[in-house]
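Asks: The structure is given below, and queries will be raised subsequently.
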Amino acid sequence: MPKLQEMAKKKTAFSSGHRLCAGCPVPIFTKMLTRVTDYDIVVGSATGCLEVASSIFPYSAWNVPWIHTAFENAAATMSGVEAMARVRSKRNGNAKKIKCVAIGGDGGTYDIGIQALSAAMERGHDLLYICYDNGAYMNTGIQRSGATPLGAATTTTPAGQVIAGKQQQRKDLSKIMVAHHIDYVAQASIHDPIDLSEKIKKGIELDGPAFLNILSPCVPGWRINPDMAVESASLAVETCFWPLYEVDSGDYTVNYKPGKKRPVSDWLLTQGRFRHLKDPQWAHLIDEFQSLIDEQWDWLVAQEKKA
Amino acid sequence: MSEKYGLKNWQELALGGVITDGGNAADYETGTWRTWRPLWRQESCINCLRCWVFCPEGAFVLKDGKTPAGKDRKEIKQIDYYYCRGCGLCVRECPVNKKGKKKAIEFVREET
């Protein structure tokens, strides 16, 4: 693969020795940040696994300027940095542009940070916001979030005899971001490094706001083996739970269409957080899950045809 | 803290807890977490770099090499066990391993 060879020639933004769990796939995209682009970047992280594990004092895993912000304001902080960089380059006639990247987990993006994110996107800052979606507040001990899928067991929505995990379906943040009419919105997954690197490159190099939602399986939270993260993400894409698509100035493109759509149970039942769904009494939940996915997939394909 | 980081007291810390030495997490050894050890075999490796791109720890060390046609390329040199946590992602994602018989990365129990 020539693409990986090109990336291998460049220095990484993220050093070894960080303290994310063994098998956590988040560094797959943080290592790429400087490898995909020639721009100088500044990164800001919302509170979350990545922020906590990459900056345990006095160590920092970041080889690029990096700012730790609170849970809710990664987008607000980075829009400030972007505005500063813009004014400075205007005053000094500084030709080299700085690009800003904000990174948040699903808790810090879907729930707590959505107000700051929405405002930053609406103001049109030259900013790429990356959300790594692992489907719960994994850092604080697997509490449910807006991104937790239907039926998943978390510590705040435990599966028992009466209730089978989370009762609500997940929020579709990518669609919310499309509704902001920004230049670029995309969904990517850590199992496909080529697609992922192209989307990160596009998001960083674009002059304007961009949002990237990356599916990032969590070893303790999804209750999977440490070597399963990439395979689990790949299954999520094969079953169309996590379609890979991009919306470029309003035009939808589906980047990957599985030849044969696999039933969602193939993905669900490999994870411990959905283990209770094997019980026949919850079989209807799997059907409900499947119909939600089918509906979403058909809608997406129809959107692409329109464009 | 004072001896380890060469500071006399806490007043010598950078204002706001700023870490001025970027990427210094590389000094931190995470290899002690390992209970299983991946063993990389050069003779079976097809140099696709999938292990390198997926390794969460960045433990695959690269070196300059040449393709059979004589072009410059990066090749896997070794696994850095100072960082490798033994998650096994490389073992599972290796396309040579997936095909069956020969293995490019083998997973063995760590000797205690």
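The values are calculated or read from the model by the stated rules, or taken from the named source; none is laboratory data. Note that the coordinates shown come from a computational prediction; the quantities given were computed from them, not determined experimentally. Note: ideal-geometry Cβ built from the backbone for every residue, glycine included; neighbour counts use all protein chains shown. Only protein heavy atoms, including side chains, enter the accessible area calculation; ligands, DNA and RNA are left aside. Shrake-Rupley method; radii C 1.70, N 1.55, O 1.52, S 1.80 Å.
Asks: Past 25 Å, Cα to Cα, is the threshold; run A:K171/A:K257; A:K11/A:K199; A:K166/A:K278; A:K202/B:K103; A:K99/A:K306 against it and keep the listed order.
Replies: Violating the 25 Å limit, Cα to Cα: A:K202/B:K103; A:K99/A:K306.
Asks: For chain B, give the percent of accessible area contributed by carbon and sulfur heavy atoms, probe 1.4 Å, rounded to a whole number.
Replies: 50 percent
Asks: Which three extents, in whole angstrom, do the alpha-carbon atoms of segment B:29-109 cover along their principal axes, largest first?
Replies: The principal-axis extents, from largest down, are 40, 29, 17 Å.
Asks: Let me ask another. Could you work out the helix-only [θ] at 222 nm for chain A, with each DSSP H run of four or more residues adding -39,500 (n - 2.57) and the total divided by the number of residues, to the nearest 500 deg cm²/dmol? Write out the running numbers ahead of the final one.
Replies: On the way: 11 runs with 108 residues, N = 307.
Result for chain A: -10500 deg cm²/dmol, rounded to the nearest 500.
Asks: Treating only the Cα positions of segment A:187-272 as identical point scatterers, give the base-10 log of I(q)/I(0) from the Debye formula at each q in 0.14, 0.20 Å⁻¹.
Replies: -0.52, -0.93
Asks: Right, here's the next one. What is the interface area between chains A and B, defined as buried accessible area summed over both chains with a 1.4 Å probe, reported in Å² to the nearest 100?
Replies: The summed interface area works out to 3200 Å².
Asks: So how far apart, in nm, are the two label points at B:K66 and A:S249 if each is 7 Å from Cα heading toward Cβ?
Replies: Taking the two extended label points, one gets 4.7 nm.
Asks: Hey, any idea what % of chain A's accessible area is carbon plus sulfur with a 1.4 Å probe?
Replies: The nonpolar share, carbon plus sulfur, comes to 53 percent.
Asks: Further, regarding this structure: Treating the angle as unsigned and between 0 and 90°, give the value, to the nearest 10°, between the Cα long axis of helix A:283-306 and the longest Cα principal axis of chain A.
Replies: Helix A:283-306 and the main axis of chain A meet at about 40 degrees.
Asks: Let me ask something else about it. In angstroms, what radius of gyration and Dmax does segment A:4-306 have, counting Cα atoms only?
Replies: For segment A:4-306, the Cα-based Rg and Dmax read 19.0, 68 Å.
Asks: Over segment B:29-109, average the accessible area per residue using a 1.4 Å probe and give it in Å², no decimals.
Replies: 53 Å²
Asks: Additional query: Mind checking the angle between helix A:229-238 and chain A's longest principal axis? C-alpha axes, 0 to 90 degrees, to the nearest 10.
Replies: Taking the Cα atoms of chain A, the angle to A:229-238 is about 70 degrees.
Asks: While we're here: Out of A:E231, A:E82, A:E295, any idea which swings most in a Gaussian network model of chain A, alpha carbons joined below 10 Å?
Replies: A:E295
Asks: Let me ask something else about it. Roughly speaking, what is the stretch gain from A:K261 to A:K11, that is 0.36 nm per residue apart minus the C-alpha to C-alpha distance, in nm to one decimal? It would help to have the intermediate numbers written out before the result.
Replies: Values: separation 250, 0.36 × 250 = 90.00 nm, distance 3.79 nm.
Result: 86.2 nm gained on full extension.
Asks: Would you mind telling me which residue in A:D279, A:D251, A:D133 has the biggest mean-square fluctuation in a Gaussian network model of chain A, where springs connect alpha carbons within a distance under 10 angstrom?
Replies: Most flexible of the set in this elastic network: A:D279.
Asks: For B:R109 and B:L15, what does the FRET efficiency come to when R0 = 30 Å and r is the distance between their Cβ atoms, rounded to the nearest 0.05?
Replies: Calculated transfer efficiency: 0.05.
Asks: Could you work out how far the C-alpha centroid of segment B:51-112 sits from that of segment A:84-160, in angstrom?
Replies: 32 Å
Asks: Nearest 10 degrees, 0 to 90: what angle lies between the long axis of helix A:74-92 and the longest principal axis of chain A (Cα atoms)?
Replies: On a 0 to 90 degree scale, this one is about 20.
Asks: Rolling a 1.4 Å sphere over the protein heavy atoms, what is the accessible area per residue of chain A, to the nearest Å²?
Replies: Dividing the accessible area of chain A by its residue count gives 39 Å².
Asks: What are the residues whose amide H is under 5 Å from the amide H of A:N213, where those residues sit 5 or more places off or on another chain and H is modelled from the backbone?
Replies: Result for A:N213 returns A:C131, A:A186, A:Q187, A:A188.
Asks: Quick check: pseudo-label points 7 Å beyond the Cα along Cα→Cβ at A:K97 and A:D38, how many nm apart are they?
Replies: The modelled label-to-label distance comes out at 1.4 nm.
Asks: May I pose another question? Of the candidates A:N73, A:N225, A:N92, which one comes out as most mobile in a Gaussian network treatment of chain A with C-alpha springs shorter than 10 Å?
Replies: A:N92
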